[in-house]
Structure formats: C-alpha cells, structure tokens
Amino acid sequence: MKKSREKDFAATAMDRSNTAIAAHGDDAKTQLEDLAGQVTTVAGQVYGQARSRLREAADAVATSVERQPLVSVVIAGLVGSTVGFLLARR
C-alpha cells in the first residue's frame with residue numbers, strides 16, 4: 001500500500017512538472033510569434049519608406065538630367081573615365 005502511494009505521488013509530481021514545462025514552452029512560443037509579427041511589420045514599414053525615398057531620388061536625378069543634359073553627360077563621362085582609370089591600374 002505504501003509503495004502504491006509513493007508511485008501515485010511520483011506520477012502526480014511528474015504530471016505537474018510536465019504541465020509547468022509545457023506552459024512555459026507555450027508562453028515562450030507565443031512571445032516569439034508576437035515578436036516575429038512585430039519585426040515583420042516594422043520591416044515592411046522600413047522597406048516602404050526606403051522604396052519611397054529611392055523613387056524620389058530617381059525622380060530628382062531624372063529631372064536634373066532633363067534640365068541640364070550636357071552637364072549630366074559630362075558628369076557621366078568623368079565618372080566612367082575615373083572608374084576606367086582605376087581599373088586599368090590593377
């Protein structure tokens with residue numbers, strides 16, 4: 001009778017510890033899922049802002065080229081010549 005009571009006590013203790021471990025595991029999983037959702041939201045916002053700024057910069061360059069095409073050609077030529085000179089030195 002005494003051994004049966006000890007086995008019952010051990011089984012109860014094991015069940016309680018397993019329940020506690022499962023509860024903590026579920027809580028951590030939920031927290032990680034919430035954090036992942038927040039990171040995804042922020043990443044989407046940052047991507048949207050970067051895309052908008054890139055479009056604005058491209059529009060500004062296009063407007064500048066349309067207004068002063070000769071200056072744009074000279075600048076492109078200087079950049080190309082500089083890159084060519086640097087690569088030829090290797």
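The values are calculated or read from the model by the stated rules, or taken from the named source; none is laboratory data. Being a predicted model, the structure only gives us computed values, none of them experimental. When we count neighbours, we look across all protein chains shown, and the Cβ atoms used for this are built from the backbone with ideal geometry, even at glycine.
The sole residue among Thr82, Thr12 that is at pLDDT 90 or above, part of a helix (DSSP H, G or I) and surrounded by 10 or more Cβ atoms within 10 Å (Cβ to Cβ) is Thr82. Here is a check on your reading of the model: is Ala58 surrounded by 10 or more Cβ atoms within 10 Å (Cβ to Cβ), part of a helix (DSSP H, G or I) and under 23 Å from the mean Cα position of the chain (by Cα)? It is false that Ala58 is surrounded by 10 or more Cβ atoms within 10 Å (Cβ to Cβ), part of a helix (DSSP H, G or I) and under 23 Å from the mean Cα position of the chain (by Cα).
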